[in-house]
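Structure first, then comments.
The values are calculated or read from the model by the stated rules, or taken from the named source; none is laboratory data. Fair warning: this is a prediction, and the values are worked out from it, not measured in the lab. Methodologically, a virtual Cβ is constructed for each residue, glycine included, from the backbone with ideal geometry; neighbour enumeration extends over all protein chains shown. The area values use the complete protein model at the heavy-atom level, side chains included, leaving out ligands, DNA and RNA. Shrake-Rupley method; radii C 1.70, N 1.55, O 1.52, S 1.80 Å.
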Amino acid sequence: MKQAGIPQILENTKEDFFSKIISTLRECADICYNRIEEIPSLTCPKKPEGSMFVMVKLNLSMLEDINDDVDFCLKLAKEESVIILPGIVGDLLCETNKQRMNDAGRAVELKNWLRVTFAIEPSLLQEGLARVKAFCQRHAKKQ
């Protein structure tokens, strides 16, 4: 799509389309925040407002056989087919593609944090977060 067509697309798109998208994002933000709060090894310090993702703190002291955020994300993808971005991804990208990172600015770079995107159909988000919860329960340290 060419950028010149964007103003016309925006002008011809009905207001209810934008209202529905905003409503769905609010619903998904609530689902994401509430479901993450149910998982003891994850902490969401602030409910998302005006974004399509949330940063989540990973408490490694509550998990067995998870070394860091990258390890968590790799094992989660392999075991549950759920993709979450590790917070340290900025360092990984910088090492492999320094020029692009310099041009685009620094990425997240938060060790043992996770970036959870919730711009998805609410039912799929519910399912994905249920899988994250099951993964965390399976890897929880035994009391």
Over all distinct alpha-carbon pairs, what is the Kirkwood Rh of region 3-139 in angstrom? 16.5 Å
Count the net charge of all other residues whose Cβ sits under 14 Å from the Cβ of Leu60, scoring Lys and Arg as +1 and Asp and Glu as -1. -1
Can you tell me the accessible area per residue over region 3-139, all protein chains present, probe 1.4 angstrom, in square angstrom? 63 Å²
In debye, nearest 20, what is the charge dipole magnitude of the chain about its Cα centre with +1 on Lys and Arg Cβ and -1 on Asp and Glu Cβ, if you could check? 140 debye
Can you tell me which of Ile36, Ile83, Ile21 moves the most in a GNM of the chain? Springs connect C-alpha atoms under 10 Å apart. Ile21
Nearest 10 degrees is fine. How inclined is helix 122-138 to the longest principal axis of the chain, computing both from alpha carbons? 10 degrees
Grab the other residues whose beta carbon is less than 12 angstrom from that of Glu49, score K and R as +1, D and E as -1, and report the net. +2
How are the C-alpha pair distances of region 1-51 spread across 5 Å bins, as whole percents from the shortest bin up? 4, 17, 17, 14, 14, 11, 9, 8, 5, 1
Carbon + sulfur, % of accessible area of region 3-139 - ligands and nucleic acids excluded, 1.4 Å: 54 percent
